[in-house]
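A quick write-up on the structure given underneath.
The values are calculated or read from the model by the stated rules, or taken from the named source; none is laboratory data. These figures come from a predicted structure and were not determined experimentally. Ideal geometry is used to build each Cβ from the backbone, glycine not excepted, and the neighbour counts take in all protein chains shown.
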């Protein structure tokens, strides 16, 4: 896949993602996001010029409204589309599921004691990591669904991607996931930052 081809896919899938969010504008590559898009391209094509560790996932962080969710939703679609290609085989991806952290939290609670297999063994882009409740009370017992999922995926070595409005420092704090899971998060993700003003109108 060439970089222009990758950009065409990002525009197509990004525009679909925007429509799903109720925004009928066409996704654009501009001065605010082109550096991140280049890094996503280098990552997906296993280019050694990628500014991070090619064997970790990508966590795209930054302020509200900068386009993180749209970018990573499009990225998940490209990973899934190319599952049978050399790119997909190198990444070990069959399907890359894009899902909000709050949806994961609720699905784990509904599933009972066991983590849903599809959340543990499938490539994921976890949107808005850190926005979900940290714990839930389950018949008098505290449960920590996202923490349990991160731990399970870390133990299996499953590559995970995501977005967050929180910095690495915030996510590893006691108020969020704490130092132990925070340490896992640091080892699982490349932290890429998308800065700028909100694109929402």
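Considering only the stretch 51-65, I want to know if a residue exists there that is more than 22 Å from residue 167 (Cβ to Cβ) and buried (at least 20 other Cβ atoms within 10 Å of the Cβ).
No, the stretch 51-65 contains no residue that is more than 22 Å from residue 167 (Cβ to Cβ) and buried (at least 20 other Cβ atoms within 10 Å of the Cβ).
Go through (1) in a loop (DSSP other than H, G, I, E, B); (2) under 18 Å from the mean Cα position of the chain (by Cα); (3) farther than 24 Å from residue 159 by Cβ for residue 22 and report which single condition fails.
Here residue 22 meets the rest and fails (2).
Return the pairs, sorted by first residue and then second, in which the second residue is buried (at least 17 other Cβ atoms within 10 Å of the Cβ), the first residue lies in the stretch 155-175 and is without any contact (Cβ under 8 Å) to a residue 24 or more places away in the chain, the beta carbons are less than 7 Å apart, and the residues are 6+ apart or on different chains.
Close Cβ pairs (under 7 Å, with a partner that is buried (at least 17 other Cβ atoms within 10 Å of the Cβ)) amount to 172/182; 172/185.
If I filter the stretch 178-197 down to residues being modelled with pLDDT of 85 or more and not in a helix (DSSP H, G or I), which single residue comes out as surrounded by the most Cβ atoms within 10 Å (Cβ to Cβ)?
189
If residue 200 satisfies all but one of (1) assigned to a loop (DSSP other than H, G, I, E, B); (2) farther than 21 Å from residue 17 by Cβ; (3) out of contact with any helix residue (DSSP H, G or I) (no Cβ under 7 Å at 6 or more places or on another chain); (4) at pLDDT below 85, what's the number of the condition it fails?
(2)
For the stretch 151-174, give me the residue count where each residue is in contact with a strand residue (DSSP E or B) (Cβ under 9 Å, 6 or more places away or on another chain), over 20 Å from residue 196 (Cα atoms) and modelled with pLDDT of 90 or more.
Residues flagged as in contact with a strand residue (DSSP E or B) (Cβ under 9 Å, 6 or more places away or on another chain), over 20 Å from residue 196 (Cα atoms) and modelled with pLDDT of 90 or more within the stretch 151-174 amount to 4.
Only residues that are surrounded by fewer than 17 Cβ atoms within 10 Å (Cβ to Cβ), at pLDDT 90 or above and touching a helix residue (DSSP H, G or I) at 6+ places or on another chain (Cβ under 9 Å): list them for the stretch 35-50, please.
Answer for the stretch 35-50, where residues must be surrounded by fewer than 17 Cβ atoms within 10 Å (Cβ to Cβ), at pLDDT 90 or above and touching a helix residue (DSSP H, G or I) at 6+ places or on another chain (Cβ under 9 Å): 47, 48, 49.
Under 8 Å between Cβ atoms, which residue pairs at least 6 apart in sequence (or on different chains) link something in the stretch 32-52 that is under 12 Å from residue 71 (Cβ atoms) with a partner that is at pLDDT below 90 and surrounded by fewer than 13 Cβ atoms within 10 Å (Cβ to Cβ)?
Final answer for the pair search is 32/195.
Just a yes or no: is a residue in the stretch 161-168 surrounded by fewer than 18 Cβ atoms within 10 Å (Cβ to Cβ) and part of a helix (DSSP H, G or I)?
Among the residues of the stretch 161-168, at least one is surrounded by fewer than 18 Cβ atoms within 10 Å (Cβ to Cβ) and part of a helix (DSSP H, G or I), which makes the answer yes.
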